[in-house]
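S.K.: Sharing a structure below in structure tokens format, with a few things to ask.
The values are calculated or read from the model by the stated rules, or taken from the named source; none is laboratory data. Since the structure is predicted, the reported quantities are computational estimates derived from the model, not experimental observations. FYI the Cβ positions are ideal-geometry reconstructions off the backbone, even for glycines, and counts take in every protein chain you see. Quick note on the areas: whole protein, heavy atoms, side chains included, nothing else; ligands and nucleic acids left out. Shrake-Rupley method; radii C 1.70, N 1.55, O 1.52, S 1.80 Å.
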Number of protein chains: 2
Amino acid sequence: MRTERALNFNPGPAALPLPVLEQARDELLNFKGEGLSILEISHRSRAFESLVLETEKLMKEIMRIPPGYRALFLQGGASLQFSLIPMNFLPAGETADYIVTGSFAEKACKDAGQVGQVHLAANTKGQGHRRIPRQEELHFSPSPAYVHLTTNNTVYGTQWHYTPTTPGSPLVADMSSDILSRPLDVSAYAFIYAGAQKNMGPAGVTAVIISEEMLDRVPQSLPSMLRYDLHAKNNSLYNTPPSFGVYIMNLVLKWAAENGGLSRLEEVNRKKAALIYKVLDEYPDFYRGHAEKDSRSLMNVTFRLPSEELEGLFIQEAGKWNMTGLKGHRSVGGIRASIYNAMPEKGCRTLADFMEDFYARKG
Amino acid sequence: MRTERALNFNPGPAALPLPVLEQARDELLNFKGEGLSILEISHRSRAFESLVLETEKLMKEIMRIPPGYRALFLQGGASLQFSLIPMNFLPAGETADYIVTGSFAEKACKDAGQVGQVHLAANTKGQGHRRIPRQEELHFSPSPAYVHLTTNNTVYGTQWHYTPTTPGSPLVADMSSDILSRPLDVSAYAFIYAGAQKNMGPAGVTAVIISEEMLDRVPQSLPSMLRYDLHAKNNSLYNTPPSFGVYIMNLVLKWAAENGGLSRLEEVNRKKAALIYKVLDEYPDFYRGHAEKDSRSLMNVTFRLPSEELEGLFIQEAGKWNMTGLKGHRSVGGIRASIYNAMPEKGCRTLADFMEDFYARKG
């Protein structure tokens, strides 16, 4: 039973900025003087419509989204987009190319394969998903309907540090675990999606950034809720949206802007990750990093210890240092430290100090 | 700018029980001594898995769901189920029957028509959706894959007060706006679904009650997120669930149990609705009820006044009595009072008193 808040290294749902949680708590019974909780307010009210429009505007500003794109707030997580994307953008007779660099990329590819024809442009599974393929390792089909990649692989702790060139096809990216963590040239992408629960808000709301060209491709024959164009036309209010999630995302976007925007957040994220990777590099036989150096994620640091027993002890002792959520995913095992935007530098320093201490005693 | 909480007559998202909101506020920064907000907790943690399992158990208890059913907590609202239902249960070459009694029933039917063959067993549109068809007015196709109905029509203020007999086909019901409002013979239905945001919780979580027979029908060829059987097999944790919504639903179910369960809630709901319908019946030329008497909803009371000017004035003056959310849907116009479980009897009494007062001055 903790009375203080823990240092939260969970991979998602993950840490949220404390000022966001405090504001949500303080106004939970009365949203903006409406006399209603944000949980009770009509999605057709002026107060809520303004909130959605403001959230799209904030998203466009902080990500420097160029004209010709919409930002939408939908339901179903990244996982639902895995099937909606091919339903919307993969016509019969065409092929979509998938670059498989981890578990979620693989799921996206598998679901698309239930809808239409897919081609594996690359798959790093044989190498334990320890690295991101180089441009010359990508083998595209002749004219893919789109090319899909996953910019950060939460489970394996790898991240794309370049934007691949496609054979003139639209680039579609799942950015669930690194959106808002660094500046991005959005114009290189036709479609970006991200479950909110890592860097943007609570589980249950999914951001979609979509170009007008892609909106024009949506087949009119799809059932309405599956059509991105209908969601865009209705400003994410085609049906009742996950209103509380949009509200928290709105607060997180404001927090990110107040904290210097994406350049500043990237700077902090680099410092945070460096604190932990430095310990890995000092004791490579003890802290065995999963990702290859040039593919390392700034969001999820994954490593093994010499034995499962030591790993168990590591997690247990970390708990006494007030750290939680460090258990690695079963596909990799060991330890995973997820250090999204809301994890303060202090938290990474505590983890690095603990790792030094643990090595001194057990290494 | 209200400093006090308003009487919330919104059709959904709608009023939530005050003790639920207060508990959510009080523990927003630290869920069950975990040192994390419910918004930050891993859906793979023991604390959250227990919460989901407990919520399913509470749902089964309060609704007296017989063995052989699962209760799931999904995303996308009732609107997403409009397409998932035919994708899961309407094979090529078969026909699904729809009973159209309002806007949402019509949307459900339209989306199903994009997926497969549908047959209209009845449509009350020609009669302004003022009434629920009688059993003998339902004209089924020879052997429907399923029969779909909407038990309460939020927009028109009508409600089914009997369960129709089908030609031996599974009955599928959208109960978004009257679930938990009265006892129900769940065994008469094969599939029940409901967006939470009226009687159960916030927007963004959808309850699905599904029989094992229906689970067995799900085609293995569907993309994973669209398959009800995968959600059931994974206890609603196939992907990251809308965790905050499930949490609030858990609190609402406990509140409903503490308040006497569904029989007691129905009793109170009947009393609440009677207070308002009594005024309609007293001044039928002034307060012109939309629904026919035997089809009246206990959840949404819809009526017009002699002029749009009076309707505008009614809503404006109701605001001064601390009431909000009374504007009718554009399809019907006028006034709609949504009086779900969380609307206290006092609120309905205030509305009835106001209606008497307004009539005395303007009637």
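S.K.: From (1) open to solvent by less than 10 Å² (accessible area, probe 1.4 Å); (2) of a type in the set (A, V, I, L, M); (3) away from chain B (no Cβ under 14 Å), pick out the condition that doesn't hold for A:ILE248.
M.R.: A:ILE248 satisfies all of (1) open to solvent by less than 10 Å² (accessible area, probe 1.4 Å); (2) of a type in the set (A, V, I, L, M); (3) away from chain B (no Cβ under 14 Å) except (3).
S.K.: Quick test for you: out of A:ARG2, A:ARG70, pick the one residue that is among the basic types (Lys, Arg), farther than 26 Å from B:LEU16 by Cα, more than 8 Å from every other protein chain (Cβ to nearest Cβ) and not in a helix (DSSP H, G or I).
M.R.: A:ARG70
S.K.: Let me ask something additional. Could you list all residues from segment A:132-155 that are buried (at least 19 other Cβ atoms within 10 Å of the Cβ) and farther than 18 Å from A:ALA190 by Cβ?
M.R.: Selection gives A:ILE132, A:PRO133, A:ASN152, A:ASN153, A:THR154, A:VAL155.
S.K.: Restricting to segment A:91-128, give me the number of residues that are open to solvent by 40 Å² or more (accessible area, probe 1.4 Å), touching a Leu at 6+ places or on another chain (Cβ under 9 Å) and not in a helix (DSSP H, G or I).
M.R.: Selection size over segment A:91-128: 2.
S.K.: Mind listing whichever residues of segment A:288-311 are of a type in the set (Gly, Ala, Ser) and in contact with a strand residue (DSSP E or B) (Cβ under 9 Å, 6 or more places away or on another chain)?
M.R.: Those that are of a type in the set (Gly, Ala, Ser) and in contact with a strand residue (DSSP E or B) (Cβ under 9 Å, 6 or more places away or on another chain): A:GLY289, A:ALA291, A:SER295, A:SER297.
S.K.: Say whether the condition of being open to solvent by 50 Å² or more (accessible area, probe 1.4 Å) and closer than 22 Å to B:SER45 by Cα is met by at least one residue in segment A:287-305. Working first, answer last.
M.R.: Initial filter on segment A:287-305 (open to solvent by 50 Å² or more (accessible area, probe 1.4 Å)): A:288, A:292-294, A:304.
From what's left, closer than 22 Å to B:SER45 by Cα: A:304.
There is at least one residue in segment A:287-305 that is open to solvent by 50 Å² or more (accessible area, probe 1.4 Å) and closer than 22 Å to B:SER45 by Cα.
S.K.: Going by the conditions given, is B:SER181 on the phi > 0 side of the Ramachandran plot and among the small types (Gly, Ala, Ser)?
M.R.: no
S.K.: Also, I was wondering about something else. Restricting the search to segment A:17-29, which residues are open to solvent by 10 Å² or more (accessible area, probe 1.4 Å) and at the interface with another protein chain (Cβ under 7 Å from one of its Cβ atoms)?
M.R.: Passing the criteria: A:ARG25, A:LEU29.
S.K.: Looking only at segment A:19-51, which residues are among the charged types (D, E, K, R) and in contact (Cβ under 8 Å) with a residue 24 or more places away in the chain? Walk me through it before giving the result.
M.R.: Step one: list which residues in segment A:19-51 are among the charged types (D, E, K, R), which gives A:22, A:25-27, A:32, A:34, A:40, A:44, A:46, A:49.
A:ARG44, A:GLU49 - these are the residues of segment A:19-51 that are among the charged types (D, E, K, R) and in contact (Cβ under 8 Å) with a residue 24 or more places away in the chain.
S.K.: All but one of (1) without any contact (Cβ under 8 Å) to a residue 24 or more places away in the chain; (2) touching a Gly at 6+ places or on another chain (Cβ under 7 Å); (3) assigned to a helix (DSSP H, G or I) hold for B:ASN239; which doesn't?
M.R.: Failed condition: (3).
S.K.: Next up: Do you know which of the residues in segment B:30-49 that are surrounded by fewer than 19 Cβ atoms within 10 Å (Cβ to Cβ) and under 17 Å from A:THR3 (Cα atoms) is nearest to the other protein chains (Cβ to nearest Cβ)?
M.R.: B:GLY33
S.K.: Something else: Going through segment B:282-298 one residue at a time, which ones are over 17 Å from B:GLY347 (Cβ atoms) and either part of a loop (DSSP other than H, G, I, E, B) or modelled with pLDDT under 95 (or both)?
M.R.: Going through segment B:282-298, the residues over 17 Å from B:GLY347 (Cβ atoms) turn out to be B:282-296.
Residues satisfying the conditions are B:TYR283, B:PRO284, B:ASP285, B:PHE286, B:TYR287, B:HIS290, B:ALA291, B:GLU292.
S.K.: For A:ARG304, indicate whether it is closer than 23 Å to A:ASN199 by Cβ and either over 19 Å from the mean Cα position of the chain (by Cα) or at pLDDT 95 or above (or both).
M.R.: No: the conditions fail for A:ARG304.
S.K.: Kindly indicate the residue of segment B:242-281 that is part of a helix (DSSP H, G or I) and free of Cβ contacts under 8 Å to residues at least 60 places away in the same chain and also farthest from B:ARG336 (Cα to Cα) among those meeting that condition.
M.R.: Of everything passing the filter in segment B:242-281, B:GLU258 is farthest from B:ARG336 (Cα to Cα).
S.K.: Next question. In segment B:123-137, is there at least one residue being closer than 15 Å to B:ALA291 by Cβ, touching a residue at least 12 places away in the same chain (Cβ under 8 Å) and of a type in the set (S, T, N, Q)?
M.R.: Scanning segment B:123-137, I find at least one residue that is closer than 15 Å to B:ALA291 by Cβ, touching a residue at least 12 places away in the same chain (Cβ under 8 Å) and of a type in the set (S, T, N, Q), so the answer is yes.
S.K.: Of all residues being in contact with a Lys or Arg (Cβ under 9 Å, 6 or more places away or on another chain) and polar (S, T, N, Q) in segment A:309-325, which is surrounded by the fewest Cβ atoms within 10 Å (Cβ to Cβ)? Just the residue, please.
M.R.: A:ASN322
S.K.: When you check B:GLY93 against the structure, is it more than 23 Å from the chain's Cα centre (by Cα), at pLDDT below 95 and at positive phi, yes or no? Before you say what the answer is, go through the steps one by one.
M.R.: Working: more than 23 Å from the chain's Cα centre (by Cα): yes; at pLDDT below 95: no; at positive phi: yes.
Against the criterion (more than 23 Å from the chain's Cα centre (by Cα), at pLDDT below 95 and at positive phi), B:GLY93 does not qualify.
S.K.: Restricting attention to segment B:180-227, which residues are open to solvent by less than 30 Å² (accessible area, probe 1.4 Å), in contact with a Lys or Arg (Cβ under 8 Å, 6 or more places away or on another chain), under 20 Å from B:GLU61 (Cα atoms) and not in a strand (DSSP E or B)?
M.R.: B:VAL186
S.K.: Residues A:LEU16, A:LEU74: which one is in contact (Cβ under 8 Å) with a residue 12 or more places away in the chain, out of contact with any Phe, Trp or Tyr (no Cβ under 8 Å at 6 or more places or on another chain) and under 20 Å from A:ASN259 (Cα atoms)?
M.R.: From the options A:LEU16, A:LEU74, the qualifying one is A:LEU16.
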